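Below is one structure, written out as structure tokens; the observations come after it.
Coordinate-derived values only; no laboratory data. Just so we're clear, the structure is a prediction, and the values are computed from it rather than from any experiment. Methodologically, a virtual Cβ is constructed for each residue, glycine included, from the backbone with ideal geometry; neighbour enumeration extends over all protein chains shown.
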Amino acid sequence: MKIDDKLQDNYKYGFITEIETEEFPKGLSENIIRLISEKKNEPEWLLDYRLKAYKHWLTLTHPEWQYCKIPKIDFQDIYYYSKPKTKKNAYSNLDEVDSELLETFEKLGIPLTEQKRLMGVAVDAVFDSVSVGTTHKEDLEKVGVIFCSISEAVEKHPELVKKYLGTVVPYSDNFYAALNSAVFSDGSFVYIPKGVKCPLDLSTYFRINAKESGQFERTLIIADEGSYVNYLEGCTAPQRDENQLHAAIVELVTLDDAEIKYSTVQNWYAGDKEGKGGIYNFVTKRGQCRGKNSKISWTQVEAGSAITWKYPSCVLLGENSQGSFYSVALTNHYMQADTGTKMIHVGKNTKSTIVSKGISAEKSQNVYRGLVKIMPSATGARNYSQCDSMLIGDQCAANTFPSIDVKNNTAIVEHEATTSKISADQIFYLQSRGFTSEKAVSLIVNGFCKDVFKTLPLEFSVEAVKLIEMKLENSVG
Amino acid sequence: MNIEILSAIAEKKLEHINGSLLDFRKNHLDQFKLNGFQEISKDSYKFTNIESFFKELSYAPENFDSEVPDFKSTIPTITFLDGEFFGSENLQPEISIKMVKSHFNEVKDLFTTTNALSRLHHAFLQDGTIIEVARNSSVLRPLRILHILTKSTVSAPTNIIIVNSNTKVSIIEETRVLGATSHAHIAETYIKAHQGSKIEHISVLVENEKGINHSTITAQVKQDASFRSVIVSASGMMNRKNLSINLNAPGAHGESHALFLTNGSEHCDINTEINHRCEDTTSEQMAKGILDGESKGIFTGKIHIFPRSQRVASSQINKNLLLSKRAQVHSQPQLEIFADDVKCSHGSTTGQLSDDEVFYFETRGIPMERARNLLALGFGLEVVQKIENQESRKHIQDIVKNKLNEKFSIGDIK
């Protein structure tokens, strides 16, 4: 079976927006951090936090345990702050936003302008280092939901930011967490007050545009007692020959009976066929279920980035709290992915579910790495993990490294994993029913990922299916 | 015992050695003195800090006072006492046995690994057996290599097992510790399975709570040959097993089954690696742990499928039973797959005895303690059932039953 290479390039978001940008000089120093902080009118405590993180970062060396080859990154050769040029530092409404920028988001299919806002999703759009606009703000304010960029939150709700920032992912957590804590520029902030079910799905769209810049966004979501929110995240970047760094931190906090659903469709530029260029996606994502009966659910579809290296995790502190992780990671060409999750059970009767599907094609590497830790206090904890890999082509690799630590005998922990390929029989069966071999592969892959896709909101699910199809179009042989 | 004491003991033991064995031991001793425990993979020994366990060992070279109890069984046996040849009985004609000491030059090329523990083994290298099983023979009765340890010292036996084409054999390597000696037993076993042979290798350990036991088993499996390893270990203070099965030619089949029983503050670390180096190879693994007291168990099972090793099937299952609140288990299955036409699966579960199952027994008039016994025994014996040779199986089954009886808080097993 051989499918012709139909499309030479299938990354439709690879365009560059010609817009003047304002950048700080390249490199990282205390001065740059002070400049970023000053630019954003930050209070003293936040600058202190950044500087502390920076000092800690200087003491760290780049980790080596990961299962991907990362070329040495010159941290002094990156722009740490880049923003589209306007008269103002922040946009107070969309009329002030440049038309090029709006067109960019239009092209990406992100509804920022009035007529498209009817779609019923509130969006915060982040372009390089700044948030461009947040829609549906008024509707959300009516029910008390705060949804804005983190810079705005620092200004308007400093008490909330101060209370929660860095409490889930401290700056000392890891190398890139320290870097992000020192230089983070923008990202989204969400606060759902007590008892509120957020009436709209919230969404952030990240776009890297500027050359040789790094994106260091910071997202903080707090769900107060009895609240609920569904949050979606999407990302793209232009096609360039150089690698670009994206090192974000996402922190989630749920209090008693609250629930956060966090979904990501990650489609950063992954480099060309020879593995040139692409984004390094090194993200620390973690949620803390602090309250009783609280829930956090991570769903991710990782289809882009030259290197994906992230472990969205749940720390289950509250009694009966639940964490879940659903992931599809697709790699092709020379992409590398080392992704998975950590479930730390601390509270009684905590439950967690892990479903991970890895698909590797061509010369790519796909690693699932997961930790399930049952602390002595987690009586009656329950975990179920399933991680399946699918290999397409004989030069790719699929590795599975789960780690299971159980320190309480009442816990029940189950783990299973399989690896397989698409069999010729399956393809033949579908072909005999009139499908082309390409469509057949796509059907089988989508079936393989079904368990994850069904946890995504409908629009996202459709998008994810299309994305996987598109990615596989010329990589199935 | 720290590096100095270990080196001093090794030095002393060199006195009556000469020839190439002396050079070999000296060389590795020098390397060990130089690097100590540095030469060890931090990843692979993540949960087992070898050096600190060695520090806990006290050195007291006392002889075991009472007589060596009778471990006689009807099984053909070669006995080693504290690492030195002691005697043999009922041996069978198909099996030829040579001593490592007197045939060292023939086998010295096997010792290629260079980590701290193998350095230590080589520096202490004592006697052992080179067992060769003749071509086209089926040896019905198992062969037992029995190591009895009575002294608080370091012993380092070596076993080399060569099984020629079209031969079937079952070999038991049994290590027994007498009294409360605090010792280090560092063993290495090399197995060669020639074309079409079938080997069953059973490694069984009955330790006290003071000893260190480190053993490495390496198997090379040729075309259409099959190798089955069964590890049964009633642990010591620290017990580490490294098993590596290399499936080198089409049709090779490897199996690795392990059962460990730990209690008190014991520590057991089982590390297995199955390397599918060639296409059309298959493997199967089952590892089970029964943990009581404050003991700690670690299972790391790697399945490595090399590039171009197509049409490979491999499965692995790991199950752990925690009998007490403070026992801990770490399970790390690892799949590394570099070929696409493979079927690979692994599973892992950890839990306690099910109340429902115990209750079912009680409704049938069987008291709780007994019910727990039976359930734990049933859990453990699944591994023992994998042994094909009936005589071997019976022998191991008795050891497991006795061990569960005397060591565990689950009561009496009749």
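Pairs to check: A:Lys194/A:Lys295; A:Lys69/A:Lys285; A:Lys407/B:Lys319; A:Lys83/A:Lys211. Give those whose C-alpha atoms are more than 18 Å from each other in this structure.
Working: A:Lys194/A:Lys295 15 Å; A:Lys69/A:Lys285 22 Å; A:Lys407/B:Lys319 15 Å; A:Lys83/A:Lys211 11 Å.
In this structure, A:Lys69/A:Lys285 exceed 18 Å between Cα atoms.
Can you tell me the FRET efficiency between A:Lys454 and A:Tyr67 if r is taken as the Cβ-Cβ distance and R0 is 30 Å, rounded to the nearest 0.05?
Values: r = 29 Å, r/R0 = 0.97.
Plugging the Cβ-Cβ distance into 1/(1 + (r/R0)^6) gives 0.55.
For a footprinting-style exposure proxy, rank A:Ser360, B:Ser324 by other Cβ within 10 Å, fewest first.
Numbers: A:Ser360 30, B:Ser324 15.
So the residues, fewest neighbours to most, are B:Ser324, A:Ser360.
Checking the cross-link filter: which lysines have an alpha carbon closer than 22 Å to that of B:Lys101, excluding same-chain neighbours under 8 positions apart?
Those lysines meeting the cut-off are B:Lys12, B:Lys13, B:Lys26, B:Lys151, B:Lys192.
Taking θ = phi - 60°, what integer Hz values does the Karplus form 6.51 cos²θ - 1.76 cosθ + 1.60 yield along segment B:309-326, in sequence order, with x for Gly and Pro?
Rounded to whole hertz, the list is 8, 7, 6, 10, 10, 8, 9, 9, 9, 10, 10, 10, 10, 9, 9, 10, 5, 9.
Mind giving me the nanometre distance, one decimal, between the label points for A:Ala424 and A:Glu22, set 7 Å out from Cα along Cα→Cβ?
6.3
Give the aspartates and glutamates reachable from A:Lys292 as a straight Cα distance under 13 Å; neighbours fewer than 8 places away on the same chain don't count.
List returned: A:Asp224, A:Glu225, A:Asp256, A:Asp257, A:Glu259, A:Glu319.
So which of A:Lys276/A:Lys421; B:Lys302/B:Lys325; A:Lys342/A:Lys439; A:Lys439/B:Lys222; A:Lys142/A:Lys466; A:Lys162/A:Lys197 end up more than 30 Å apart, counting from Cα to Cα? Numbers along the way, then the final one.
Working: A:Lys276/A:Lys421 27 Å; B:Lys302/B:Lys325 28 Å; A:Lys342/A:Lys439 35 Å; A:Lys439/B:Lys222 42 Å; A:Lys142/A:Lys466 35 Å; A:Lys162/A:Lys197 24 Å.
Check vs 30 Å cut-off fails for A:Lys342/A:Lys439; A:Lys439/B:Lys222; A:Lys142/A:Lys466.
State the answer as a single residue: which of B:Phe306, A:Leu51, B:His214 lies farthest towards the positive end of the charge dipole of the protein assembly as shown, with beta carbon charges of +1 for Lys and Arg and -1 for Asp and Glu, about the Cα centre.
B:His214
Let me know the mean shielding of A:382-390 by other chains, meaning the per-residue number of their Cβ atoms within 10 Å of its Cβ. Intermediate values should be presented prior to the final figure.
Numbers: counts 1, 1, 1, 2, 1, 3, 1, 4, 1.
Across the residues of A:382-390, the mean count of other-chain Cβ atoms within 10 Å is 2.
What does segment A:21-472 give for Rg and for Dmax, in Å, if only its C-alpha atoms count?
21.3, 69
Counting each DSSP H run of 4 or more residues in chain B as -39500 (n - 2.57), what helix-only mean residue ellipticity at 222 nm follows after dividing by all residues, to the nearest 500 deg cm²/dmol?
Working: 8 runs with 92 residues, N = 414.
Result for chain B, helices only: -7000 deg cm²/dmol.
Dipole magnitude of chain B about its Cα centre, charges +1 at Lys/Arg Cβ and -1 at Asp/Glu Cβ only, in debye to the nearest 20? Present the calculation step by step, with values, prior to reporting the outcome.
Details: 46 positive and 51 negative charges, 84 e Å.
Value, rounded to 20: 400 debye.
Starting from the Cα-Cα distance between B:Thr112 and B:Asp341, subtract it from 0.36 nm times their residue separation and give me the gain in nm to one decimal. Intermediate values should be presented prior to the final figure.
Numbers: separation 229, 0.36 × 229 = 82.44 nm, distance 3.24 nm.
Residue separation times 0.36 nm, minus the Cα-Cα distance, leaves 79.2 nm.
Measure out, as a whole number of angstrom, how far apart the alpha-carbon centroids of segment A:315-378 and segment B:253-330 sit.
Each part's Cα centre sits 21 Å from the other's.
What are the DSSP H helices in chain A that stretch 20 Å or more along their long axis, judged by alpha-carbon atoms, and whose average Kyte-Doolittle hydropathy comes to at least 0.5?
Sorted by number, the helices that extend far enough and score high enough are A:437-453, A:458-472.
How much length would be gained if the chain were fully extended between B:Ile5 and B:Ala313, taking 0.36 nm per residue of separation minus their Cα-Cα distance, in nm to one decimal? Intermediate values should be presented prior to the final figure.
On the way: separation 308, 0.36 × 308 = 110.88 nm, distance 4.71 nm.
Taking B:Ile5 through B:Ala313 to full extension adds about 106.2 nm, to one decimal.
Tell me which of B:Phe124, B:Val230, B:Leu374 sits at the most positive position along the dipole axis of chain B, charges placed on C-beta atoms (Lys, Arg +1; Asp, Glu -1).
Of B:Phe124, B:Val230, B:Leu374, it is B:Val230.
Report the paramagnetic label zone for B:Glu39: residues of segment B:118-132 whose backbone N is under 11 Å from a point 7 Å from Cα along the Cα-to-Cβ axis.
Flagged as within label range: B:118-123.
Hey, got the average number of other protein chain Cβ atoms within 10 angstrom for residues in A:393-402?
Working: counts 1, 9, 5, 4, 7, 9, 7, 8, 6, 7.
Across A:393-402, the average partner-chain Cβ count within 10 Å equals 6.
Determine ³J(HN,Hα), in whole Hz, for all residues of segment B:375-385 in sequence, where each value follows from phi through the Karplus function 6.51 cos²θ - 1.76 cosθ + 1.60 and θ = phi - 60°; x replaces Gly and Pro.
Here the 3J(HN,Hα) series is 5, 5, 5, x, 4, x, 5, 4, 6, 4, 4 Hz.
Please compute, over every Cα-Cα pair in the protein assembly as shown, the percentage with a separation greater than 55 angstrom.
Numbers: 83562 of 396495 pairs.
So the portion of pairs separated by more than 55 Å is 21 percent.
Using every Cα-Cα pair within segment B:203-324, state what percent have a distance larger than 24 Å. All intermediate terms of the calculation are to be shown ahead of the outcome.
Working: 2210 of 7381 pairs.
That fraction is 30 percent.
Checking the a/c ratio against 1.5 first, then a/b against b/c, what shape does the Cα gyration tensor give for segment A:327-431?
Details: a/c = 3.70, a/b = 2.23, b/c = 1.66.
Judged from the Cα gyration tensor, segment A:327-431 comes out prolate (a/c at least 1.5, a/b above b/c).
Can you list the residues, at least 5 places off or on another chain, whose amide H is less than 5 Å from the amide H of B:Arg144, using H built in the peptide plane?
When sequence neighbours closer than 5 places are left aside, the close amide H contacts are B:Thr77, B:Ile78, B:Ile172.
What stretch of chain A, leaving out the sites themselves, is the longest with no GluC sites (Glu not before Pro) in a DSSP loop having at most 13 other Cβ atoms within 10 Å?
On the way: sites that count: A:Glu18, A:Glu20, A:Glu64, A:Glu242, A:Glu274.
The answer is A:275-477.
Near the amide H of B:Phe86, under 5 Å away, which other amide H atoms are found, from residues 5 or more places off or on another chain, if H is placed in the peptide plane?
Those qualifying (amide H under 5 Å, at least 5 residues apart or on another chain) are B:Thr79, B:Phe80, B:Leu81.
Using a simple charge model, +1 on the beta-carbon of Lys and Arg, -1 on the beta-carbon of Asp and Glu, nothing else, what dipole does the protein assembly as shown show about its Cα centre, in debye to the nearest 20?
The calculation lands at about 1140 debye.
Report the FRET efficiency, 1/(1 + (r/R0)^6), for A:Lys142 and A:Lys163, where r is their Cβ-Cβ distance and R0 is 22 Å, rounded to 0.05. It would help to have the intermediate numbers written out before the result.
On the way: r = 24 Å, r/R0 = 1.09.
Efficiency for this residue pair is about 0.40.
Taking the alpha-carbon set of segment B:3-358, what are its Rg and Dmax in Å?
Here Rg and the maximum Cα pair distance are 20.0, 65 Å.
What are the ³J(HN,Hα) values, in whole Hz, obtained from phi via the Karplus relation 6.51 cos²θ - 1.76 cosθ + 1.60 with θ = phi - 60°, for each residue of segment A:233-245 in sequence order, with x given for Gly and Pro?
Rounded to whole hertz, the list is 9, x, 8, 9, 8, x, 7, 9, 7, 8, 7, 10, 9.
Taking amide H positions as placed in the peptide plane 1.01 Å from N, state which residues far from A:Gly358 in sequence (5 or more) or on other chains have amide H under 5 Å from it.
Those qualifying (amide H under 5 Å, at least 5 residues apart or on another chain) are A:Ala329, A:Asp388, A:Ser389, A:Met390.
Excluding A:Asp124 itself, what net charge comes from residues whose Cβ is under 11 Å from its Cβ, given Lys and Arg +1 and Asp and Glu -1? Working shown, then result.
Working: positive: A:Lys137; negative: A:Glu152, A:Asp186, A:Glu217, A:Glu233.
Combined, the nearby Lys, Arg, Asp and Glu give -3.
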